[in-house]
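The values are calculated or read from the model by the stated rules, or taken from the named source; none is laboratory data. Just so it is clear, the structure is predicted and the values come from calculations on it, not from any experiment. Quick reminder, even Gly has a Cβ in these numbers, built from the backbone with ideal geometry, and neighbours come from all protein chains shown.
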Amino acid sequence: MDANQRATSPRRAANETLSPAGVRRLWKALEHHLQLKGYQVVVRRLEPSRCGFTQHPEKLVVISDRLNDVQAVARLAHETGHVYLHAAIDEATAEEPPAVREIEAELFAYNVLSFNGVKPGSEPFEHINRWAESVEPQTPEHVVERLLDRTKKTTRSLRASVARHMNDHPSSVEPHSSRDNFSHLAPDCDGPVF
C-alpha cells in the first residue's frame, strides 16, 4: 500500500509451507532485493489498521511489528511489488486508479511467495477481484488479465532472483526481534493473504 492510502481489507494468516528458517530466508532475500533498489526496510509499530506501506521518495518500506513471520514476509512481498513495479510511475500509469497498483502488488506478491514455498489461499483472489470490480465493474477479469501481462516480466525475473538468493544463503537466520511475540494480524490490513 502506498503511504497515502488507507488499508481497508481484512487479512488472515498465511498458510506456511516453508520452515520458519525458510520464511526468514525469504524475508532476507526480499530485503536484499529492496536494498539493491536503494530502499530501507523498517519494522515498527503502526496503527492497528495498517500492516505496512512504501514511501517512494524516502525509499522506505515499513512493516508492522504486530505481524508474525509469515504475515510479515507476505506484507514485505506486497511492498516489494510496489517498489519493483511502481517506483518510477510514468504518466500513463499515474492516471490509473490506486486499485490498479494494489492489484499489481498483490499479483506480484502472490507469484513470488508461491514460487518460493508459501502456499497461497483463495482470499487474495477475492481482494484482487474486488479491486478489479472497482476499476471495471462489468469485466473485472479483463483488468486482471491486462495487469498480469503487464507485470509478468518483472515478477518472473524477481521470483527467480529471490529463489537464487535463498539457495545461495541456506543458513538459518534469526527472527527479527521486533516481530517476536506478535502472532495476530491487525484488522483492515491489505496485501497478500496466504
Check VAL43 against each of (1) closer than 20 Å to LEU107 by Cα; (2) not in a loop (DSSP other than H, G, I, E, B) and name the one condition it does not meet. (1)
Is it the case, given these coordinates, that HIS33 is touching an Asp or Glu at 6+ places or on another chain (Cβ under 9 Å) and not in a loop (DSSP other than H, G, I, E, B)? no
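Per-residue answers, yes or no, for (1) touching a residue at least 60 places away in the same chain (Cβ under 8 Å); (2) out of contact with any Lys or Arg (no Cβ under 8 Å at 6 or more places or on another chain):
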position	(1), (2)
LYS28	yes, yes
VAL42	no, yes
THR54	no, yes
VAL62	no, no
ASN68	yes, no
ALA72	yes, no
HIS86	yes, no
ALA99	no, yes
GLU102	yes, yes
Looking at the range 13-25, is at least one residue crowded, with 23+ Cβ neighbours inside 10 Å and either at pLDDT 85 or above or assigned to a strand (DSSP E or B) (or both)? yes
